[in-house]
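The values are calculated or read from the model by the stated rules, or taken from the named source; none is laboratory data. Keep in mind that this is a model prediction, so the values were computed, not measured. Because the Cβ atoms are built from the backbone with ideal geometry, glycine has one as well, and the counts that use them run over all protein chains shown. Please note that ligands, DNA and RNA were not included when accessible areas were found on the heavy atoms of the full protein model with its side chains. Shrake-Rupley method; radii C 1.70, N 1.55, O 1.52, S 1.80 Å.
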Amino acid sequence: MTDATQRPFAVITGASSGIGYELARQFAQHDFDLLIAAEDPGIEQAAQDLRRDGRIQVQAVRADLATFDGVESLWQAITGTSRPVDAVAINAGRGAGGDFTRQTDLRDELNIIDVNVTSTVHLAKRVLPGMVARGAGRVLFTSSIASTMPGSFQAVYNASKSFVQSFAEAVRNELKDTGVTITALMPGPTDTNFFDRADMGDTKVGAGAKDDPARVAEQGFEALMRGDDHVVAGSFTNKVQAVAAKVLPDTAKAAMHRRMAEPGSAS
């Protein structure tokens, strides 16, 4: 048996930067071989960086997970390794800020749903049956603290993360006796390119303090290895916000989110 077949194998999406890259680094540091995926060419550089110590194998796949064919091409790459997936971090996601009715673009909003929701369901549907058949496997869904509140000026993004959170919790319950664990990672604002890409630099949340993605990923990895149902990662403020979200009415949470995400609120 070779070293490669002795090492566990993990798949991470959205791994070219940010939380996804840091999750891949956590798996690499714990001696997993990796298959990492993203839509942008930065995935190749990420793979090179992760290979630096020479211990592990890293395969990079460039695929647009907003499309059915993109997810299927990723799945073909996974099956092409002829290796069981020991862990998968379904992390790819994006957002967009602005007034849903008067500012944001329909195609952009539908792309958010395709990436955050449709591809999450699609890849989970492909990966989970093999895990259940083997009686072992770990799945990490990147949700968000945003899943706990209506997202004024991020209406589709927050709704998409509410879907991911509910989906993760439901599938976890369905698989409770199978040996497969499901964990939801719930970060708050994190220092990645998310807010720039979402055109939210002029918002209070976009311009404010953010958590270290390496720390968020470390907390997510540790929760995954423990088999926790979820982890609110990052700052203590995120944990307070998660607790408050359980008792505040949705109208109050929507107003609170408006203060953070309304365009121009940074000034």
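Only one of the listed residues (ILE113, ILE182) is in contact with a strand residue (DSSP E or B) (Cβ under 8 Å, 6 or more places away or on another chain) and surrounded by 15 or more Cβ atoms within 10 Å (Cβ to Cβ). That residue is ILE182.
Taking the listed residues GLY137, GLY151, the one that is under 19 Å from the mean Cα position of the chain (by Cα), within 20 Å of THR183 (Cβ to Cβ) and either free of Cβ contacts under 8 Å to residues at least 12 places away in the same chain or open to solvent by less than 30 Å² (accessible area, probe 1.4 Å) (or both) is GLY137, with no other qualifying.
Quick check on this structure: which one of PRO213, PRO187, PRO263, PRO249 is open to solvent by 30 Å² or more (accessible area, probe 1.4 Å) and touching a residue at least 24 places away in the same chain (Cβ under 8 Å)? Checking each option against the conditions leaves just PRO263.
Restrict the check to the range 101-110 and report whether at least one residue is of a type in the set (A, V, I, L, M, F, W, C), on the phi < 0 side of the Ramachandran plot and open to solvent by less than 10 Å² (accessible area, probe 1.4 Å). Before you say what the answer is, go through the steps one by one.
We begin by selecting, within the range 101-110, every residue of a type in the set (A, V, I, L, M, F, W, C); these are 106, 110.
Keeping just the survivors that are on the phi < 0 side of the Ramachandran plot gives 106, 110.
Remaining after also requiring open to solvent by less than 10 Å² (accessible area, probe 1.4 Å): none.
No, because not a single residue in the range 101-110 is of a type in the set (A, V, I, L, M, F, W, C), on the phi < 0 side of the Ramachandran plot and open to solvent by less than 10 Å² (accessible area, probe 1.4 Å).
Looking at the range 1-106, the helices (runs of 4 or more DSSP H) lying wholly inside it that each contain 2 or more residues that are of a type in the set (A, V, I, L, M) sit at 18-29, 42-50, 68-80. Within the range 45-70, no residue that is within 17 Å of THR120 (Cα to Cα) sits with its Cβ atom under 8 Å from a residue that is of a type in the set (Lys, Arg) at 6+ positions apart or across chains. Determine, yes or no, whether ARG102 is modelled with pLDDT of 95 or more, basic (Lys, Arg), more than 25 Å from GLN165 (Cβ to Cβ) and over 17 Å from the mean Cα position of the chain (by Cα). Taking the combined requirement at face value, the residue satisfies it.
Of the listed requirements (1) open to solvent by 60 Å² or more (accessible area, probe 1.4 Å); (2) under 26 Å from PHE9 (Cβ atoms); (3) not polar (S, T, N, Q), ASP202 misses just one: (2).
Scan the range 162-169 and tell me whether some residue there is hydroxyl-bearing (Ser, Thr, Tyr), crowded, with 18+ Cβ neighbours inside 10 Å, under 23 Å from PRO249 (Cβ atoms) and at pLDDT 95 or above. Taking every residue of the range 162-169 in turn, at least one turns out to be hydroxyl-bearing (Ser, Thr, Tyr), crowded, with 18+ Cβ neighbours inside 10 Å, under 23 Å from PRO249 (Cβ atoms) and at pLDDT 95 or above. Would you confirm, using the coordinates I've provided, whether ASP196 is more than 20 Å from ALA261 (Cα to Cα) and over 14 Å from the mean Cα position of the chain (by Cα)? For ASP196, the condition - more than 20 Å from ALA261 (Cα to Cα) and over 14 Å from the mean Cα position of the chain (by Cα) - is not met.
Candidates in the range 47-74 are the residues that are more than 19 Å from LEU23 (Cβ to Cβ) and among the hydrophobic types (A, V, I, L, M, F, W, C); of these, the one that is surrounded by the fewest Cβ atoms within 10 Å (Cβ to Cβ) is PHE68.
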